[in-house]
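Enquirer: Structure in structure tokens, see below.
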Amino acid sequence: MASILHTFTYKQKIYMKKEILLMTLLLSAMLVGAQSNNTPATAAAAAAANSSNHSETVAQQAASKKVGKTKAPQITFESMTVDYGTIEQGSEGTRLFKFKNTGKESLVISQCSGSCGCTVPTCPKEAFAAGKSGTIPVHYDTNRIGAFTKNVTVQTNDPTGPKVLTIRGIVEAKKP
């Protein structure tokens with residue numbers, strides 16, 4: 001396999017990676033739609049959950065209300081976005097996303113992933129009983145100067161699908 005990749009140019013490799021990423025995203029969206037009983041309302045809610053960067057959409061809220069009538073776990077964040085504001089290069093880059101299990105069963109967070117290597121979330125390993133709260137620490141590398149907006153995807157056993165959290169801010173160079 002590696003010898004085959006050597007015959008492609010750098011631009012062709014980048015193009016192939018983009019194609020693979022696009023196919024993966026499309027397949028993920030189709031799987032989320034298939035897992036949600038194939039109803040248009042829940043498929044729309046899952047698609048909205050994958051594309052939302054700031055707050056829950058109307059479709060997500062509708063799906064949440066539907067889940068609220070069952071015994072499923074449900075993760076509810078205090079805020080879907082953390083704004084670092086303007087910070088100095090090299091300053092503390094860890095912020096917390098606070099959440100609560102507003103469902104009726106135990107909530108398990110299976111995976112947290114950042115949109116790039118400069119954004120590193122730490123998933124809690126324990127389960128959260130109904131009504132219990134927790135935090136997800138997210139660390140951003142503040143040695144990168146300039147404005148940033150990064151996403152963190154949180155996978156749980158909440159049937160409304162993954163949640164996309166956002167961090168943003170501006171890192172200014174240290175003053176001499």
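Enquirer: May I ask you to derive the relative contact order of the range 71-172, considering only C-alpha pairs under 8 Å and at least 6 residues apart, and to give it as an integer percent?
Expert: Result for the range 71-172 is 36 percent.
Enquirer: What FRET efficiency comes out for M16 versus T81 if R0 is 30 angstrom and r is the Cβ-Cβ distance? Round to the nearest 0.05.
Expert: The calculated FRET efficiency here is 0.35.
Enquirer: Taking R0 as 35 Å, what FRET efficiency do you get between Q89 and S110 from their Cβ-Cβ distance, rounded to the nearest 0.05?
Expert: Approximately 0.55, to the nearest 0.05.
Enquirer: How compact is the range 71-172 by the rule of thumb for globular proteins, expressed as Cα Rg over 2.2 N^0.38 Å?
Expert: For the range 71-172, the normalised Cα radius of gyration is 1.12.
We did not get these values from a lab; they are worked out from the coordinates using the rules stated. Worth saying up front: this structure is predicted, and the values here are computed from it rather than measured. So basically every Cβ, Gly included, is an ideal-geometry build from the backbone, and we count neighbours across all protein chains shown.
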